Amino acid sequence: MDELRNGVLILDYGSQYTLLIARRIRELGVYSEIWPCNDERVTTLTADSAKGVILSGGPSSVHIEGAPKLESSVLDLGVPVLGICYGMQAMSHALGGSVESTTSREYGRAEVVVKKPVGLFEGFDASEHTTVWMSHGDSVTKLPEGFERVAETTNGVLAGIANVEKQQFGVQFHPEVSHTVEGARFLENFVFTQCRCDQSWNMRDFVDSAVETIRRQVGDTGQVICGLSGGVDSSVVAALLHRAIGDRLTCVLVDNGLMRHKEVDRVRSIFEGHFGVDLRVVDATEEFLSRLAGVDDPEQKRKIIGEVFIRVFERVAEGIPNAKFLAQGTLYPDVIESVSIRGPSATIKSHHNVGGLPEDLGFDLIEPLRELFKDEVRVLGRALGLPADMVDRHPFPGPGLAVRILGDITKERLDTIRAADHIFIDGLREDGHYHSVWQAFAVLLPVRTVGVMGDQRTYEQVVALRAVTSQDGMTADRAYLPMEFLGKMSDRIINEVPGVNRVVYDVSSKPPATIEWE
Ligand code: XMP
């Protein structure tokens, strides 16, 4: 919370763009943090908590029963407030304005005319046109007292409102998306001219303040268990904790039998060698595989894996006095895809370290990356001195190969997918494609197909290869890998991995698909 004193708080009303607001502000060199709009901490905010507040857009309508509300105390803090789309409507509603569904709404791209160059529009010429991305929401039809209309679309639809004296502003469009041509200028006006934030934030500051927060949370005697998977996130968390509390950190590498080729050896050599941390490797393969036997539902798999991980950590903690903290590499996208203010129906996947935790968790959680996106975590990893080879690795999901084997998980099927994945990833490295894709992996499908090998009929399994490009994992495109390369991978997998006679390439994007198959 400390960094927030010099930064901007974003209250999330469920917009798919909320994350972009945070990024844009951090890109301006200002710290920004996102809280759910119904976060209990909202009622305890004071004028010193943040330099300004942004209310995000959202899918709701203020008239719908149970629509997320704006805690009115936020408008009395005396700090600048910007409502974007639904945020503007919620603010107007809270201040006594009227919000209605009208027929004159505009969708997508629109031209905005500045009527009065104040607030977000400061520095624009009155009557200047600029292209923005409009929202789909209702419209504010009567402005709250003290507000004036400062921008509208060329069709006369209200686009911007301002109460200059109270420093409260609203826009019906999304300044955070790249289609809004002057988006950065609007946000700069809010962040610098109105909120008077300093351009002082960078990843090094994040390291310092995260270290301080961890020390405060853990106290002088607390011990922390950190689950290490060898992926980017948990490695960065471990390095951060090591810096904060030194040898009061115990890293636990759980060999759950669901890891990639030689992963356990790799992680051991990097962490013991590079950092000298206390690393315990626990072989829990049997426990995981017996609990997963016969389970083919993806959510069920994630929940079981989340629970068994915790049971293993609890056993390790029993031997360490005062080990009541558990550190995890939870990222912001894991949080929004797992829990949603819109209720369970909008949960996409229970990322195992968020939605998959057992209810009787006996640890206090430490999640220093909860506000960050993957590419920001990589910058953080570099600032902490982690080797490039580790920081630039593809993401690997906590539930490991379990969500890449569709259907039953058995030792045999794990060996099959591990071998195919190894060939694919090695091939990407050898042919220079590894760093041009965000993530790549092999998936074992629950079907068999007919093939012919050396005049013999075969009836064997199918491996799907998946490679995507992305910036943050929230949206992704299929990677356009050369067909020649894919053909080479197919030949190698079918020839070298017993039990596979067909390889396919997944060409779907996210959305509508997700990156992982489960
Ligand atoms: P999806 O499949 O949801 O994945 O498009 C987005 C990113 O998140 C990773 N992922 C997970 N990571 N626990 C994790 O730690 C999980 O349960 C999980 N599920 C997906 C996925 O690999 C991709 O990078």
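Evaluate 2.2 N^0.38 Å with N set to the residue count of segment 1-58, then give the Cα radius of gyration divided by it. Please report the intermediate quantities before stating the final value.
On the way: Rg = 10.7 Å, N = 58, 2.2 N^0.38 = 10.3 Å.
Against the empirical 2.2 N^0.38 Å value, I get 1.04 for segment 1-58.
Using +1 on the beta carbon of Lys and Arg, -1 on that of Asp and Glu, and nothing else charged, what's the dipole of segment 454-502 about the Cα centre, debye to 20?
The dipole of segment 454-502 has a size of about 80 debye.
I need the shape label for segment 421-498. Rule: rounded when a/c is under 1.5, else prolate if a/b > b/c, else oblate, with a, b, c from the alpha carbon gyration tensor. Write out the running numbers ahead of the final one.
Working: a/c = 2.81, a/b = 1.83, b/c = 1.53.
Verdict is prolate for segment 421-498.
Which FRET efficiency, nearest 0.05, do Ser178 and Val379 yield, Cβ-Cβ r, R0 25 Å?
0.80
Apply the Karplus parameterisation 6.51 cos²θ - 1.76 cosθ + 1.60, with θ equal to phi minus 60°, to every residue of segment 187-197 and state each ³J(HN,Hα) to the nearest whole Hz, in sequence, with x for glycine and proline.
Per residue, the Karplus-derived 3J(HN,Hα) values read 5, 4, 4, 6, 5, 8, 6, 8, 7, 6, 6 Hz.
No solvent, one uniform scatterer per C-alpha: report log10 I(q)/I(0) for segment 387-518 via the Debye equation at q = 0.10, 0.13, 0.21, 0.22 1/Å, two decimals.
Reported log10 I(q)/I(0), two decimals: -0.31, -0.53, -1.35, -1.45.
If each residue of separation counts as 0.36 nm, what is the full-extension length gain between Ser508 and His129 once their alpha-carbon separation is subtracted?
Residue separation times 0.36 nm, minus the Cα-Cα distance, leaves 132.7 nm.
Using a 1.4 Å probe over the heavy atoms of the protein chains, calculate the carbon and sulfur portion of the accessible area of the chain as a whole percent.
So the carbon and sulfur contribution to the accessible surface is 47 percent.
FRET efficiency for Asn155 and Asp364, Cβ-Cβ distance as r, R0 = 51 Å, nearest 0.05? Please list the in-between numbers first.
Details: r = 53 Å, r/R0 = 1.05.
About 0.45, to the nearest 0.05.
Quick one: Kirkwood hydrodynamic radius for segment 181-324, alpha-carbon pairs, angstrom, one decimal?
17.9 Å is the Kirkwood radius here.
Once you have the Kirkwood Rh of segment 230-279 from its Cα pairs, apply Stokes-Einstein at 25 °C and 0.890 mPa s and quote D in µm²/s.
For these conditions, the coefficient is 218 µm²/s.
Å³ per residue of the Cα convex hull, for segment 123-246?
On the way: hull volume 24.6 nm³, N = 124.
Residue-normalised Cα hull volume stands at 198 Å³.
Please compute the per residue accessible area over segment 48-180 with all protein chains in place, 1.4 Å probe, rounded to a whole number of Å².
Values: 5430 Å² over 133 residues.
Heavy-atom SASA per residue in segment 48-180 reads 41 Å².
R0 = 51 Å: FRET efficiency of Val452 with Gln300, Cβ-based, nearest 0.05?
After rounding, the FRET efficiency stands at 0.85.
What ³J(HN,Hα) values, in whole Hz, does the Karplus curve 6.51 cos²θ - 1.76 cosθ + 1.60 give for segment 464-481 when θ = phi - 60°, with x put for Gly and Pro?
9, 9, 10, 9, 10, 9, 6, 9, 9, x, 7, 10, 8, 10, 4, 7, 8, 6
Taking the 0 to 90 degree range and rounding to the nearest ten, how far is the long axis of helix 18-27 tilted relative to the main principal axis of the chain, both from C-alpha atoms?
For helix 18-27, the angle is close to 80 degrees.
So how compact is the chain: Cα radius of gyration and Dmax in angstrom?
In Å, with Rg to one decimal and Dmax whole: 25.3, 84.
Could you state the number of Å between the C-alpha centres of segment 1-39 and segment 69-133?
Centre-to-centre distance over Cα atoms comes out at 18 Å.
Express as a percent, rounded to the nearest 5, the fraction of DSSP beta bridges in the chain (both residues included) that run antiparallel.
50 percent
Just subtract the alpha-carbon distance of Glu430 and Gln199 from 0.36 nm times their residue separation and send over the number in nm, one decimal.
Extra length from Glu430 to Gln199 when fully extended: 79.0 nm.
Would you please report the Å³ per residue occupied by the convex hull of the alpha carbon atoms in segment 1-126?
Convex hull of Cα atoms, per residue: 133 Å³.
Modelling each spin label as a point 7 Å along the Cα-to-Cβ direction, I'd like the Val264/Arg215 distance in nm, to one decimal.
It works out to 3.7 nm between the two label points.
Defining a contact as two alpha carbons under 8 Å apart and six or more residues distant in sequence, what relative contact order in percent does the chain show?
Relative contact order, the chain: 10 percent.
The values are calculated or read from the model by the stated rules, or taken from the named source; none is laboratory data. This is a predicted model, so every value here is computed, not measured. Methodologically, a virtual Cβ is constructed for each residue, glycine included, from the backbone with ideal geometry; neighbour enumeration extends over all protein chains shown. The protein model used for the area step is the full one, side chains on, heavy atoms only, and it has no ligands, DNA or RNA in it. Shrake-Rupley method; radii C 1.70, N 1.55, O 1.52, S 1.80 Å.
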